[in-house]
Amino acid sequence: MPKGKKSALVAALALFSEQGFDGTSTVQVAEKAGISQATIFKYFHTKQDLLLAIVEPVMENFFPHYRDEFFDGIRACETLPEMVSFMIHDRYAFITGNKEAIKILAMEMMISQEMRDLFGKLLAADDFNFLAELLKMFRETGELRDDIDAPGIIRIIAGQLMGFIIESNFAPGIMGDRQRDLQLISEQIVRTISK
C-alpha cells in the first residue's frame, strides 16, 4: 500500500474514532497524516470512500470474510460448549484487536442506512449464508434448544460479548481475570441455549 494512502487510513481511523465521521474534516485527516488533502482525494475520491476503506474490512471480518478459517475452528469443536467458547474467544480477540474501527462501525451503523445495508449484505451473501451455516453446526451437536434460531444465537452471544467489552472499557476496576471472565460468559451462554 502506498505510504500516503496508509497514512490517510491510519489518521482517519484515529480521528473518526475520537471525533466521529461527521466531526472530522479531510483537512484534519491530512494534517494528522502529514500529507496533503489532494493525496487523500487521490486515493479516496470522497470522505465517504475513506470511511468505507476503514470499515469494510472490519465488517467483512466480523462475519468472517476469511470464513473458512473461522468455520474450521468451529468444526474442530465437538460440543456446543466448545463451539461457544471458541466463538467468544475468537470474536473477543478480533474486536479488541480492531477497537477503533469497531467503534467507528458501531457509530456509523446507528446513523447511516448505507452502513446498515452493507452489514446486511455481508450476513447473507449470495455465495454463503453465515447465520444458516452457524445454526446448522450448532444443531449438529444435538445440544441446542429447538426454539433457538440463528439470529437468537447471534443476539445472545453478541449481547454477552459486547456487554463484557463495554464493562472492560468503562469499569475496568471491577474486572476479574479476563480469561476466567470469558469462560464464565461462555458457560452462561451455553446454559441459555442448551436443551
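Does ARG116 satisfy the condition of being within 24 Å of GLU18 (Cβ to Cβ), surrounded by fewer than 16 Cβ atoms within 10 Å (Cβ to Cβ) and among the basic types (Lys, Arg)?
Yes: the conditions hold for ARG116.
Looking at the stretch 160-175, can you tell me whether even one residue there is of a type in the set (D, E, K, R) and more than 30 Å from ASP49 (Cα to Cα)?
Yes, the conditions are met somewhere in the stretch 160-175.
Considering (1) without any contact (Cβ under 8 Å) to a residue 40 or more places away in the chain; (2) open to solvent by 50 Å² or more (accessible area, probe 1.4 Å); (3) under 19 Å from the mean Cα position of the chain (by Cα), say which one PHE70 fails and leave the rest.
Condition (2) is where PHE70 drops out.
So, in the stretch 163-183, of the ones that are of a type in the set (A, V, I, L, M, F, W, C) and surrounded by 14 or more Cβ atoms within 10 Å (Cβ to Cβ), which residue ends up farthest from the chain's Cα centre (by Cα)?
Filtering the stretch 163-183 down to residues of a type in the set (A, V, I, L, M, F, W, C) leaves 164-166, 170-171, 174-175, 182.
Checking which are surrounded by 14 or more Cβ atoms within 10 Å (Cβ to Cβ) leaves us with 164-165, 182.
Numbers: PHE164: 14, ILE165: 12, LEU182: 17 Å.
Checking each candidate, the answer is LEU182.
List, please: which pairs have Cβ atoms under 8 Å, are six or more places apart or on different chains, and start with a residue in the stretch 1-14 that is of a type in the set (Ser, Thr, Tyr) and end with one that is surrounded by 15 or more Cβ atoms within 10 Å (Cβ to Cβ)?
Short answer, once both residue conditions are applied: SER7/ALA33; SER7/ILE35.
Would the stretch 54-68 turn up any residue that is out of contact with any Pro (no Cβ under 9 Å at 6 or more places or on another chain), farther than 20 Å from LYS99 by Cβ and modelled with pLDDT under 95?
yes
Evaluate the following for ALA38: is it small (Gly, Ala, Ser), at pLDDT 90 or above, in a helix (DSSP H, G or I) and surrounded by 18 or more Cβ atoms within 10 Å (Cβ to Cβ)?
no
Listed here are the residues, each with its yes/no results for (1) of a type outside the set (Gly, Ala, Ser); (2) at pLDDT 85 or above; (3) within 23 Å of LEU135 (Cβ to Cβ).
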position: PHE70; (1), (2), (3): yes, no, yes
position: ARG75; (1), (2), (3): yes, yes, yes
position: PRO81; (1), (2), (3): yes, yes, yes
position: TYR92; (1), (2), (3): yes, yes, yes
position: GLU100; (1), (2), (3): yes, no, no
position: ALA106; (1), (2), (3): no, no, no
position: GLU114; (1), (2), (3): yes, no, no
position: PHE119; (1), (2), (3): yes, no, yes
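Looking only at residues in the stretch 184-195 that are among the charged types (D, E, K, R) and assigned to a helix (DSSP H, G or I), which one is surrounded by the most Cβ atoms within 10 Å (Cβ to Cβ)?
GLU187
For the stretch 75-90, name all the residues that are over 15 Å from GLN179 (Cβ atoms), open to solvent by 30 Å² or more (accessible area, probe 1.4 Å) and not β-branched (Val, Ile, Thr).
ARG75, ALA76, GLU78, PRO81, GLU82
The values are calculated or read from the model by the stated rules, or taken from the named source; none is laboratory data. These numbers were taken from a predicted model, which means no experiment stands behind them. Every residue, glycine among them, receives a Cβ derived from its backbone with ideal geometry; neighbour counts consider all protein chains shown. Calculation scope for accessible area: heavy atoms of the full protein, side chains included, ligands and nucleic acids excluded. Shrake-Rupley method; radii C 1.70, N 1.55, O 1.52, S 1.80 Å.
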